[in-house]
1. Identify the single condition in (1) within 14 Å of chain A (Cβ to nearest Cβ); (2) in contact (Cβ under 8 Å) with a residue 40 or more places away in the chain; (3) of a type in the set (Val, Ile, Thr) that residue B:117 does not satisfy, given that it satisfies every other one.
2. Contact list please: Cβ distance under 8 Å, first residue in segment A:32-58 and under 15 Å from residue A:81 (Cα atoms), second residue in a loop (DSSP other than H, G, I, E, B) and away from ligand 2 (no atom under 13 Å from the Cβ), pairs at least six apart or on different chains.
3. Read through the list (1) within 16 Å of ligand 1 (Cβ to nearest atom); (2) more than 20 Å from residue A:194 (Cα to Cα), then give the number of the only condition that residue A:314 fails.
4. Scan segment A:569-588 for residues that are loosely packed, with under 13 Cβ neighbours inside 10 Å and either in contact (Cβ under 8 Å) with a residue 40 or more places away in the chain or in contact with a Gly (Cβ under 7 Å, 6 or more places away or on another chain) (or both) and jot them down.
5. Can you list residue pairs whose Cβ atoms sit under 9 Å apart, with the first residue in segment A:160-171 being open to solvent by less than 40 Å² (accessible area, probe 1.4 Å) and the second being of a type in the set (Phe, Trp, Tyr) and near ligand 1 (Cβ under 6 Å from one of its atoms)? Count only pairs 6 or more apart in sequence or on different chains.
6. For segment B:73-87, which positions are open to solvent by 20 Å² or more (accessible area, probe 1.4 Å) and away from chain A (no Cβ under 12 Å)?
7. So which residues in segment A:23-73 are within 14 Å of another protein chain (Cβ to nearest Cβ) and within 10 Å of ligand 2 (Cβ to nearest atom)?
8. May I ask you to list pairs of residues, at least six apart or on different chains, whose Cβ atoms are under 6 Å apart, with the first in segment A:317-330 being more than 14 Å from chain B (Cβ to nearest Cβ) and farther than 16 Å from residue A:175 by Cβ and the second being within 16 Å of ligand 2 (Cβ to nearest atom) and open to solvent by less than 10 Å² (accessible area, probe 1.4 Å)?
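The values are calculated or read from the model by the stated rules, or taken from the named source; none is laboratory data. Keep in mind that this is a model prediction, so the values were computed, not measured. Heads up, the Cβs are rebuilt from the backbone with ideal geometry, glycines too, and the neighbour counts pull from every protein chain shown. Areas reflect the complete protein model, heavy atoms only, side chains present, ligands, DNA and RNA absent. Shrake-Rupley method; radii C 1.70, N 1.55, O 1.52, S 1.80 Å.
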Amino acid sequence: MVYRSHVLICNGTGCTASKAPEIMTRLEKELAAKGIEKEVKIVKTGCFGLCEKGPILVIYPEGATYCHVRPDDVEEIVNEHLVKGRIVKRLLLGDKDAEDVAKSLENVGFFNRQVRVALRNCGVINPESIEEYIARDGYAALAKALTEMTPSQVIDEIKKSGLRGRGGGGFPTGLKWQFAAQEVNDIKYVCCNADEGDPGAFMDRSILEGDPHSVIEAMAIAGYAIGSNQGYIYVRAEYPIAVQRLNIAISQAKEYGLLGNNIFGTDFSFDLEIRLGAGAFVCGEETALMTSIEGKRGEPRTRPPFPAVKGLWEKPTILNNVETYANIPVILLKGADWFRSIGTEKSKGTKVFAVGGKINNTGLVEIPMGMTLREVIYDIGGGIPKGKKFKAAQTGGPSGGCIPASHIDVPIDYDNLIELGSMMGSGGLIVMDEDTCMVDIAKFFLEFTVDESCGKCPPCRIGTKRMHEILDRITSGKGEEGDIEKLEILAESIKQGALCGLGQTAPNPVLSTLRYFRDEYEAHVKEKRCPAGVCKAMLKYTIIPDKCKGCSLCSRKCPVNAISGEVKKPYVIDQSKCIKCGVCMDTCKFAAIEKK
Amino acid sequence: MKSVEELKAIREKALKEMSIRDNEDKTRIIVGMATCGIAAGAKSVMSAFIDELEKRNIRNVSVSMTGCIGICRLEPVAEVLEANGEKTTYVKLDAEKARRIVAEHIVNQKPVTEFTVGAAER
Ligand SMILES: Cc1cc2nc3c(=O)[nH]c(=O)nc-3n(C[C@H](O)[C@H](O)[C@H](O)COP(=O)(O)O)c2cc1C
Ligand code: FES
């Protein structure tokens, strides 16, 4: 049966949370009511990347992209678009008045500046249909590897492509595979890191939810390349939709004989299993992850030996990130030269970023390496809300650092970010505007590492705690002379003494904010002042008598009755009662309240 | 999966089902499906288009609908929009005529002049 229309509904986590399932049920009902359920196919897809505009619905053949669709809009969409062929303009994403739907998206920077390699199928295919994946050249790379290439040719191609790990470190993937391939052992393992612990990052989840087969195919290719027959995907249990789609995908691949024995009639066999993680940040670290797969407490160990020599169950093992794997099939099909043509000299290909914070288009974007932060924030991200000024962006999450406004035109790649004192990390990108206090941000990330430290080594367990105490002191207006220097000494010793990457990188957010915003730290410590007006302990709300009209609005709104006065005369705030909630400032119509 | 050929066969079949989502370089057949069109039999015209394209395994043509084009007395009406912007309007269609349009206009690239709005108005 050929359908005259396909309705794609995003079933990513974002859109699922904003009622996509209900929209789907309504759609089924409305189609049946109109008797056209056999003419229109409903296709569940993964994330389109524009979760903030979700739920997203795309109708083909017109290619009309509807955003912010509510269940109550479904009837109109069916009646107008699917029955009468009239586009529901008010729901269109982009230019609502374009003469042609295809044109409505032309100027949507969010889409047209992206280069989709790892996300090539997300939002395009039904992740629960192996046929749709195959239609988009799925498993053709595995077929090519198994029937036309030797394992070392596969490794050479990946090496030549210049692909580097997308999980944080940026280690060359081909080289990692080569190390494991060189080991002589009957048993080797291929592991996938889907722990995604960086707060704010969700590209791995989106790939698993939107295109699980790409990871499965790549892992089988890796197995062939290094001589392994068994793979494990380590995914956090907090990703139920990803786990469910992975399970479906694995069983489909087994059914089609794309996993299992003698794939494509060759003597290569490969199997995959899922292991659920409990969501500890440290379990994303490679040695801790493998210890966790073994069923033990997820704690890291010293390296060497590196996993390529002694990994899971002491066997040679490779571990790659989800996004790294998602690139593999395309590289084999289109060739290393094609991949190398995207990106910068030392960073090839694309990188997916989860853009969040003070930005208009929050969501998932895939950009060619070398694009500038300015392009990401202003062209793709749509700029900063309320016309505020850009202050800095945090990349690399709790292991990374910030890039200040003065470096907004630096091309984003692995090496430039390291040079700026940050890192690529897994691709979290948090945008901060002028109202952000950098000391407070550093404290936030350190709080995360203090919580997530596994406790095995003292520098990380005790050192980060001490640093956090100092930051807490500074942000509560009790900073002491010499605190900043203490932070620096602690940071250096933790970096050198910690056992694993978690501790070694934990001080980075502090060091990088110190590097670019030392004056803010000094203002907190020496003047007991928070320049951004965030740290409550140092704030004082006062009423400017000249501007106050004595309307009494603020005193009525104040939740703790800290404001008093006589109508038509200036009011005053009782500082001993004030809890600094800021309600008075928000309600005042005459801008008579000042925060300092 | 025993062979690469098997994979290719699955791919071909699945591609056919998904071709509707591919919007580039496509010829579009747009059938008027307002009240006037439906009353005059536009639904069977539309099915004939879809069926004929499917039979001939033609993938780069999509069939969609539109509302009233404003020439109700000539319904069922369909427009063939080519990728180069060329537009042909066919009127007073039925299933048989739709099949001929696919055979002559789409396959052989010769518009069926006798069914066009120009011919009907003469
Ligand atoms: C504390 C810590 C947490 C990490 N978390 C993740 C993670 O969530 N996902 C990930 O892919 N890599 C994570 N890594 C990096 C992994 O140790 C490893 O380098 C990576 O998975 C290798 O894959 P790649 O080369 O494809 O990037 C983490 C590292 C550290 C030190
Ligand atoms: S979840 Fe729907 S666009 Fe991201």
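1. (1)
2. Note: pairs meeting the criteria are A:39/A:3; A:39/A:4; A:40/A:3; A:40/A:4; A:41/A:3.
3. (1)
4. A:569
5. That search, which allows pairs on different chains as well, returns A:165/A:171.
6. Answer for segment B:73-87, where residues must be open to solvent by 20 Å² or more (accessible area, probe 1.4 Å) and away from chain A (no Cβ under 12 Å): B:73, B:82, B:84, B:86, B:87.
7. A:45, A:48, A:57
8. Taking only residues 6 or more apart or on different chains, the pairs are A:322/A:204; A:322/A:207; A:323/A:118; A:323/A:203; A:323/A:352; A:326/A:118; A:326/A:207.
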